[in-house]
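Visitor: Dropping a structure here in structure tokens format, bear with me for questions.
What follows is calculated from the coordinates using simple rules that are stated; it is not laboratory data. It should be emphasised that the depicted structure is a prediction, and the values quoted were computed from it without experimental measurement. FYI the Cβ positions are ideal-geometry reconstructions off the backbone, even for glycines, and counts take in every protein chain you see.
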Amino acid sequence: MGWETFFCFGILIVVFGGLIANRAPDVLLLGAVVILAAVKIITPEEALAGFSNTSMLTVGALYVVAAALRETGALDTAGSWLLKRAKSERAVLVRMAGSLPVMSAFLNNTPIVAMFIPIVSGWCKKHRIAPSKLLLPLSYLCIIGGTCTLIGTSTNLVVNGLMQEVSQSNPELSQALHPMGFFELGYVGLPYAVVGIIYLLVIGHRLLPNRDGTRLHLLGIVSLYSSHGSVNHLKALLEMARREKVPQVYVHAMLGRRGERPESGAHYIKDVEQGTERLGTGVVASVIGRFWSLDREENWDRIEKTYRWLVEGRGRKVPA
């Protein structure tokens, strides 16, 4: 192997590292091509060949169409209309199964997914449904619809372009690798899409996790009697959170009512933890003293510690 091989490996490592670090992909990829052409590993003709490839130009044109639909709000309107009357997770899944594969068969599936994510997420938030139950089916429905036509996904177009190049350079393969028709992939893609849709509706949706990102933070004095609150109020709020099925509840406790013994705080925290275990919801996330959190004498250094505690999570960490 010559130096060119090692040089190309180095370029690939840099490009992949940049992509993992979320750097600008266009700069990375075009920069790699320019560098390889500058050191004469590839010819100028090879470097510019992709810009004249009809399949790549078709992909670019599809993104222009998708951008036009996004800017005009056509997809947003269609999505909002589609889910407007849906009242349950099942209803949304059925509506997506009947429309998204058809849409992604005639448009690139990536922008359709991007357009429908906020629409589906908004519906989930409004109806208190975990987005994890619908976002993965959204992606899969667009993918299987994209396998039914030549332009459904950019991969089909790229492979079709490679087949044309090979058939032109090797006449013996021209019959076997002729350009694909628009609906030619449908012979395989359509049955595959039907099976995939039936699986998602009957089995797949049951296997999806219920990952609701909703979080409830409860902050207040944890004491039996206080002008600022009572631990009984906290218990009532935890009970309400359980009834409302709030998935993640965090208790931020302030201790130290005037006149109480210093060791009383441990008793109250234990009482709260026993309550969360009994209810099956809530955890004690942080604890701070009343001396720091309810200062009345403008000791801003104390207030700052409380602010850092709440907003930035700064403080001494102890095992649960």
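Visitor: For the chain, take the longest principal axis of its alpha carbons; what is the angle in degrees between that and the long axis of helix 186-202, to the nearest 10 within 0 to 90?
Guide: The angle comes out near 10 degrees.
Visitor: To continue, here is another question. Note the full-extension length gain between GLU312 and TYR250 as 0.36 nm times their separation in residues minus their Cα-Cα distance, in nm to one decimal. The partial results should precede the final answer.
Guide: Details: separation 62, 0.36 × 62 = 22.32 nm, distance 1.49 nm.
Gain on stretching GLU312 to TYR250: 20.8 nm.
Visitor: Calculated FRET efficiency, PHE183 and VAL14, Cβ-Cβ r, R0 35 Å, to nearest 0.05? Don't jump to the answer; show the numbers that get you there.
Guide: On the way: r = 41 Å, r/R0 = 1.18.
Step by step, r from the Cβ atoms, then E = 0.25.
Visitor: With angles folded into 0 to 90 degrees, how steeply does helix 54-72 sit against the dominant principal axis of the chain? Use alpha carbons for both and round to 10.
Guide: Here the helix axis deviates by roughly 40 degrees.
Visitor: Moving on to the next point. For the chain, take the longest principal axis of its alpha carbons; what is the angle in degrees between that and the long axis of helix 109-127, to the nearest 10 within 0 to 90?
Guide: That helix lies at roughly 20 degrees to the long axis.
Visitor: Which entry in (i) 21.4, 81; (ii) 17.9, 51; (iii) 29.3, 96 matches Rg and Dmax of the Cα atoms in Å derived from the coordinates of this structure?
Guide: Answer by label: (iii).
Visitor: Then there is this: For VAL34, project a label point 7 Å along Cα to C-beta. Then give me every residue of the range 2-26 with its amide nitrogen under 18 Å of that point.
Guide: Answer for the range 2-26: 11-12, 14-16, 18-19, 23-26.
Visitor: Gain in length, TYR63 to SER99, computed as 0.36 nm per residue apart minus the alpha-carbon separation, to one decimal in nm? List each step's numbers first, then the result.
Guide: Numbers: separation 36, 0.36 × 36 = 12.96 nm, distance 1.99 nm.
Difference between extended and current length: 11.0 nm.
Visitor: Using the count of nearby Cβ atoms within 10 Å as a rough guide to exposure, how do THR153, THR276, THR5 rank from fewest to most?
Guide: Starting with the residue having the fewest Cβ neighbours, the order is THR5, THR276, THR153.
Visitor: Taking the Cα centre as origin and putting +1 on Lys and Arg beta-carbons and -1 on Asp and Glu beta-carbons, what dipole magnitude results for the chain, to the nearest 20 debye? Present the calculation step by step, with values, prior to reporting the outcome.
Guide: Numbers: 32 positive and 24 negative charges, 396 e Å.
Rounded to the nearest 20 debye, it is 1900 debye.
Visitor: Over the Cα atoms of the range 32-188, what radius of gyration and what Dmax do you get, in Å?
Guide: Over the range 32-188's Cα set, Rg and Dmax evaluate to 19.7, 61 Å.
Visitor: Please identify every one of the GluC sites (Glu not before Pro) in the range 276-320 that sits in a loop by DSSP and has no more than 12 other beta carbons within 10 Å of its own beta carbon.
Guide: Within the range 276-320, the qualifying GluC sites (Glu not before Pro) (loop, at most 12 other Cβ atoms within 10 Å) are GLU297, GLU298.
Visitor: Given an 8 Å cut-off on Cα distances and at least 6 residues of separation, report the relative contact order of the chain as a percent.
Guide: Working: 356 pairs, mean separation 34.7, N = 320.
So the answer I get is 11 percent.
Visitor: A further question on this structure: Would you compute, from DSSP H runs of 4+ residues alone, the mean residue ellipticity of the chain at 222 nm, taking -39500 (n - 2.57) per run and dividing by the full residue count, rounded to the nearest 500?
Guide: Roughly -19000 deg cm²/dmol at 222 nm, from the helical runs in the chain.
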